[in-house]
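Colleague: I'd like to ask some things about the structure below.
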Amino acid sequence: MSETLRRSTEAEVINRLVVRFAGDSGDGMQLTGDRFTSVSAAFGNDLSTLPDFPAEIRAPAGTINGVSSFQVHISDHDITTPGDEPNVLVAMNPAALRADLHRLEIGGTIIANEDAFDERNLEKVGYATNPLEDDSLANYRVIAVPMSSLTKEACAPLGVKPRDAERSKNFFALGLVSWMYSRPLEPTVEWLEAKFADKETVREANRAALLAGHSFGETTEAVGHRYEVNPAQMPPGEYTNVTGNTALAWGLVAAGQLAKLPVTLGSYPITPASDILHELSRHKNFGVRTVQAEDEIAAAGMALGAAFAGHLGVTTTSGPGVALKSETISLAVATELPMLIVDIQRGGPSTGLPTKTEAADLNIAMFGRHGEAPLPIVASYSPVHCFYAAIEAARIALIYRTPVILLSDGYLANGSEPWRVPDPAELPTIPVEFTTEHNHVNDDGSTEFWPFLRDPDTLARPWAIPGTPGLMHRIGGLEKADGTGNIDYTPENHEKMVQLRAAKISRIADDLAPTEIQGDPDAEICILGWGSTWAAIDSAVQRRRRAGEKVAWVHLMHLSPLPNDLGDILRRYRTVLVPELNSGQLTRIVRAEYLIDATAISKVAGLPFTAREIEHHIEEASR
Amino acid sequence: MSDTTVTLTTKKDWSSDQEVRWCPGCGDYGILQAVQQLMPELGVAPENTVFISGIGCSSRLPYYMNTYGMHSIHGRAPAIATGVAVARPDLDVWVITGDGDGLSIGGNHLIHALRRNVNLTILMFNNRIYGLTKGQYSPTSEVGKVSKSTPFGSVDTPFNPLAVALGAEASFVARTHDLDRQHMMETFRAAHDHRGAAFVEIYQNCNVFNDGQFNHVTKRTVRDEMMIDLVHGEPIRFGAERQRGVTMGSDGALRILEVADVGEDAILVHDATRPDPSLAFALARLNTDDVSPTPFGVFRQVERVEYASSVSAQVAAASEHKGPGDLATLLRSNGTWTVD
Ligand code: SF4
């Protein structure tokens with residue numbers, strides 16, 4: 001047992017706290033973390049979360065593979081990352097300690113469920129002696145609590161069977177941590193009442209465990225000190241806490257509303273994208289139609305069919321699904337129909353690391369089609385930004401009549417952060433007009449509809465939907481003549497069409513706002529980021545600047561077409577560093593595009609960057 | 001959307017200005033004629049009609065129809081058509097496919113469109129060969145078929161398209177052939193009028209790569225003895241003198257016998273509306289040996305909930321129950337807190 005601290009009812013104020021809840025996948029750690037997050041959000045802290053769970057639904061109990069964790073960073077100031085190193089590790093069993101101890105800061109606190117540290121569990125993960133008893137944890141503050149037995153005791157008066165009672169031990173842990181960090185219990189009690197309204201035994205057992213954990217903190221010398229994290233100074237307004245996938249789903253609903261078009265989603269279940277399908281299937285009152293297709297290919301086909309019929313057609317997936325949809329996306333390029341492909345990236349290739357994050361689908365998004373088939377790519381950079389990125393991707397698809405790939409990743413998808421709820425009136429409108437009249441006059445004065453007669457500014461073709469009299473037309477994958485859309489295999493026409501399709505995509509850049517340079521524009525080092533690296537880059541750049549170093553930072557939301565001014569901007573810097581959760585995919589693109597000596601900061605570990613990792617590279621580069 | 005009062009149309013209104021480009025003598029011409037001739041009789045407008053095809057000779061058909069159309073990807077027409085139908089249940093959606101397109105590369109989409117019972121009229125041109133790619137055996141080619149890719153004969157067991165459709169819970173299943181325009185029109189009409197997924201197999205002659213594949217059944221000289229015309233509510237009899245009939249033995253197997261030998265009462269009466277598809281399945285397999293008489297007409301036609309209308313009903317019910325979607329409410333649905 002560690003040192004015993006003097007108990008104090010006075011809470012000490014700290015600025016920030018990173019807690020990692022870790023246990024067996026059956027221990028309810030995601031739920032515990034989620035509750036701690038909600039309570040902290042409601043309390044007014046800024047926060048960022050990182051769930052980390054195994055790919056197997058039921059990995060063997062007590063093993064390292066079965067460890068499920070949830071890290072939450074709460075703060076009294078603006079933060080963007082789930083924190084590099086936890087200050088507190090809640091370890092519900094030896095496997096959790098073994099898996100996550102290396103992450104904990106030296107001197108950090110370990111709250112362990114002593115009961116789970118029995119010989120069998122220790123042996124399963126290769127501990128020869130009990131780390132709670134030998135001095136291997138001397139560098140940490142260890143609070144060992146018999147959570148399982150205390151939970152059973154607390155539930156005994158309710159008549160709950162010990163086996164069932166034991167399941168509530170995660171609420172004991174939550175109660176204890178809530179006491180230690182001065183989190184109120186009421187919101188969780190209310191939540192329990194709503195969630196288990198008709199499951200009295202579960203509700204009462206969880207409540208008893210929660211209260212027992214809390215009183216254990218209050219009454220036991222062992223726990224000692226109490227801390228408090230004050231609310232963050234956030235701009236006034238109404239806030240909610242969203243994950244990236246929820247925000248993205250809402251963004252799709254919003255895009256439909258802003259364009260005044262019904263949304264049709266074709267999707268096939270795949271981690272980590274399925275939650276978007278789940279969320280959208282709940283919002284049919286917005287006119288949203290969802291089809292769980294027979295496969296990824298059909299899902300894309302349904303989205304394209306819906307687009308042909310005049311809907312905002314969307315398909316959501318992850319990397320392996322993008323590969324399967326490739327042929328349909330090419331058809332969307334050829335037919336010049338609006339369509340949204342959402343890729344929630346995960347570790348690959350193949351099934352890879354389905355529950356871990358990676359951003360290695362930039363290449364397939366950029367190049368993963370046959371023939372010359374350029375398309376726009378939008379990347380979201382934070383859970384909240386997923387909402388706005390979905391609207392932007394839909395806007396480009398609808399205005400330019402093109403398939404658009406929206407890239408998010410597993411980290412954004414499951415991570416959450418507070419969001420000042422926007423007023424729908426502040427959102428951009430997406431003006432979409434269907435063609436209803438003939439658009440071409442023949443020499444003899446008669447009129448016709450030409451499905452490939454382009455808008456001179458955007459080069460978009462008209463969108464005339466079935467049901468419109470007089471505008472019947474056929475489209476397809478065969479090369480067609482510009483203007484009439486009739487099949488045309490002539491060499492000059494094919495070359496012209498290839499160029500027109502490319503020009504249409506590059507013109508999108510003319511419509512984008514000038515690229516914003518954050519930090520010090522006059523620095524010698526520029527960080528070029530995209531996607532979810534935003535949070536870690538943000539912290540790293542802030543830290544280097546506080547240390548007196550000048551750093552510029554450009555974060556891309558449009559990866560295709562790239563902003564018109566990007567080449568000129570990057571050429572100003574001696575060093576361009578590109579942090580990417582891949583082996584340097586954007587780096588290669590900017591090197592080829594602008595002939596600049598950009599350097600990749602690459603990480604492909606299934607995990608997001610820590611701010612420290614990026615900071616380290618900036619430091620190295622400035623030497 | 002246009003109003004749907006139907007102006008009278010003629011075959012010309014349904015024909016596009018594109019030059020028809022199949023090989024001279026191809027069975028596809030006859031099918032196109034039947035479709036174009038039928039359309040004015042259906043009481044629908046060209047602008048409310050959509051033809052979606054995959055890839056293959058048959059899949060060029062949409063180009064020749066003056067309707068909305070998409071010549072899409074090999075095998076994917078049922079999926080794309082499902083998207084059209086789900087988005088717009090007000091439209092008449094046709095799927096044009098072939099034996100390679102629909103049963104090989106697109107088999108998965110076909111069975112799922114049938115299972116879901118999406119309101120699609122699916123015409124499968126079965127010529128038992130890959131025509132567009134110049135003569136490889138197809139998933140309906142018979143065992144032993146010598147083709148460019150099977151110089152020593154195919155060793156694959158073929159699909160029976162109607163049996164596949166029935167196995168996929170299709171609510172409408174029929175067969176016709178490219179030499180009988182009236183029969184095609186009647187079959188297509190019934191398929192079109194059916195609410196749900198309607199599957200029609202058309203025996204189609206590819207005179208370039210598989211000429212005469214169906215001669216043993218559809219040639220005028222043998223038709224009487226080799227074609228069994230299924231008529232709902234009537235005994236399943238055929239032959240020049242309607243002297244033969246289909247019976248069911250005590251073992252449940254179907255047999256073709258002389259009516260004179262077994263008596264009229266022993267002959268099965270065709271009931272396309274039987275909820276249980278077993279008999280339709282047995283009829284579909286009657287000619288599995290490829291030499292026995294072959295049934296034509298509507299095998300199965302049952303009522304089943306249509307997919308797109310169920311999807312729309314859920315959308316309508318949600319709007320009624322929760323009111324039309326309000327973005328401001330949605331963005332607050334996770335709970336909110338206020339910072340002053
Ligand atoms: S190859 Fe055969 S099926 Fe194709 S168009 Fe020619 S005859 Fe018809």
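The values are calculated or read from the model by the stated rules, or taken from the named source; none is laboratory data. Because the structure is predicted, anything quoted here is derived from the model rather than measured. Every residue, glycine as well, gets a Cβ built from its backbone with ideal geometry; the counts of neighbours run over all protein chains shown.
Colleague: Suppose we filter region A:460-471 for residues that are under 15 Å from A:Gly485 (Cα atoms) and surrounded by fewer than 20 Cβ atoms within 10 Å (Cβ to Cβ); how many remain?
Modeller: Adding up the residues that qualify gives 2.
Colleague: Continuing with the same structure: Being more than 7 Å from chain A (Cβ to nearest Cβ) and modelled with pLDDT under 95 is the requirement here; does B:Ser312 meet it?
Modeller: When the stated conditions are applied, B:Ser312 does not pass them.
Colleague: Suppose we filter region A:65-121 for residues that are in contact with a His (Cβ under 6 Å, 6 or more places away or on another chain) and assigned to a helix (DSSP H, G or I); how many remain?
Modeller: 0
Colleague: Applying the selection to region B:21-54, what residues are over 17 Å from B:Asp90 (Cβ atoms), in a loop (DSSP other than H, G, I, E, B) and at pLDDT 95 or above?
Modeller: If the condition is that a residue be over 17 Å from B:Asp90 (Cβ atoms), in a loop (DSSP other than H, G, I, E, B) and at pLDDT 95 or above, then B:Trp22, B:Cys23, B:Pro24, B:Gly25, B:Cys26, B:Gly54 are the ones that fit.
Colleague: Of the numbered conditions (1) modelled with pLDDT under 95; (2) outside any loop (DSSP other than H, G, I, E, B), A:Lys356 fails exactly one; give the number of that condition.
Modeller: (2)
Colleague: Also, quick follow-up: Can you tell me which residue is farthest from A:Leu407 (Cα to Cα) among those in region A:223-243 that are of a type in the set (Gly, Ala, Ser) and either assigned to a loop (DSSP other than H, G, I, E, B) or more than 13 Å from every other protein chain (Cβ to nearest Cβ) (or both)?
Modeller: A:Gly224
Colleague: Now, a different point. For region B:81-89, state whether one or more residues are away from every other protein chain (no Cβ under 13 Å) and of a type in the set (D, E, K, R).
Modeller: No, there is no match, as no residue in region B:81-89 is away from every other protein chain (no Cβ under 13 Å) and of a type in the set (D, E, K, R).
Colleague: Based on what the data block shows, is B:His74 at the interface with chain A (Cβ under 8 Å from one of its Cβ atoms), touching an Asp or Glu at 6+ places or on another chain (Cβ under 9 Å), surrounded by fewer than 24 Cβ atoms within 10 Å (Cβ to Cβ) and outside any strand (DSSP E or B)?
Modeller: No: the conditions fail for B:His74.
Colleague: Related question: Show the residue pairs meeting these rules: Cβ distance below 9 Å; 6+ apart or different chains; first residue within region B:320-340 and closer than 18 Å to A:Ala42 by Cα; second residue assigned to a strand (DSSP E or B) and among the basic types (Lys, Arg).
Modeller: B:Val339/A:Arg420
Colleague: Within region A:28-47, track down each residue that is among the hydroxyl-bearing types (Ser, Thr, Tyr) and within 14 Å of chain B (Cβ to nearest Cβ).
Modeller: Residues satisfying the conditions are A:Thr37, A:Ser38, A:Ser40.
Colleague: Does at least one position in region B:78-85 carry a residue that is within 16 Å of the ligand (Cβ to nearest atom), assigned to a helix (DSSP H, G or I) and not aliphatic (A, V, I, L, M)?
Modeller: No: zero hits.
Colleague: While we're here: With the checklist (1) within 26 Å of B:Val35 (Cα to Cα); (2) outside any strand (DSSP E or B); (3) away from the ligand (no atom under 16 Å from the Cβ) in hand, flag the one item B:Glu225 doesn't pass.
Modeller: Among (1) within 26 Å of B:Val35 (Cα to Cα); (2) outside any strand (DSSP E or B); (3) away from the ligand (no atom under 16 Å from the Cβ), B:Glu225 violates only (1).
Colleague: I'm trying to understand the selection: among the residues of region A:475-505, which are in contact with a strand residue (DSSP E or B) (Cβ under 9 Å, 6 or more places away or on another chain) and among the small types (Gly, Ala, Ser)?
Modeller: Correct list: A:Gly476, A:Gly477, A:Ala481, A:Gly483, A:Gly485.
Colleague: If I filter region A:466-524 down to residues being in a loop (DSSP other than H, G, I, E, B) and among the charged types (D, E, K, R), which single residue comes out as nearest to the chain's Cα centre (by Cα)?
Modeller: Initially, region A:466-524 is screened for residues in a loop (DSSP other than H, G, I, E, B), giving A:466-473, A:477-479, A:481-482, A:484-486, A:488-490, A:512-517, A:520-524.
From the residues that got through so far, the ones that are among the charged types (D, E, K, R) too are A:479, A:482, A:488, A:516, A:520, A:522, A:524.
Numbers: A:Glu479: 38, A:Asp482: 40, A:Asp488: 43, A:Glu516: 23, A:Asp520: 28, A:Asp522: 32, A:Glu524: 31 Å.
Applying the filter and picking the extreme gives A:Glu516.
Colleague: When you look at B:Asp211, is it away from chain A (no Cβ under 14 Å), within 23 Å of B:Cys57 (Cα to Cα), within 16 Å of the ligand (Cβ to nearest atom) and free of Cβ contacts under 8 Å to residues at least 12 places away in the same chain, yes or no?
Modeller: yes
Colleague: Considering only region A:525-554, state which residues are surrounded by fewer than 21 Cβ atoms within 10 Å (Cβ to Cβ) and outside any helix (DSSP H, G or I).
Modeller: Listed by number, the residues that qualify are A:Ala547, A:Gly548, A:Glu549, A:Lys550.
Colleague: Considering only region A:259-315, state which residues are more than 7 Å from chain B (Cβ to nearest Cβ), of a type outside the set (Val, Ile, Thr) and assigned to a helix (DSSP H, G or I).
Modeller: Result: A:Ala259, A:Ser274, A:Asp275, A:Leu277, A:His278, A:Glu279, A:Leu280, A:Ser281, A:Glu296, A:Ala299, A:Ala300, A:Ala307.
Colleague: Among the residues of region A:40-49, are any outside any strand (DSSP E or B), over 30 Å from A:Val13 (Cβ atoms) and not polar (S, T, N, Q)? Outline the logic, then answer.
Modeller: We begin by selecting, within region A:40-49, every residue outside any strand (DSSP E or B); these are A:40-45.
After this cut, where a residue has to be over 30 Å from A:Val13 (Cβ atoms) as well, the list is none.
Scanning region A:40-49 turns up no residue that is outside any strand (DSSP E or B), over 30 Å from A:Val13 (Cβ atoms) and not polar (S, T, N, Q).
Colleague: Kindly indicate whether A:Glu204 is within 14 Å of chain B (Cβ to nearest Cβ) and touching a residue at least 12 places away in the same chain (Cβ under 8 Å).
Modeller: no
Colleague: Let me ask you something else. Here's a check for you: in region B:4-53, which residue that is of a type in the set (Gly, Ala, Ser) and within 14 Å of the ligand (Cβ to nearest atom) is farthest from B:Asn127 (Cα to Cα)?
Modeller: Ranking the qualifying residues of region B:4-53, first place goes to B:Ser53.
Colleague: Test each condition in (1) closer than 30 Å to A:Asn15 by Cβ; (2) modelled with pLDDT of 95 or more for A:Met180 and report the one that comes out false.
Modeller: Tallying (1) closer than 30 Å to A:Asn15 by Cβ; (2) modelled with pLDDT of 95 or more, A:Met180 fails exactly one: (2).
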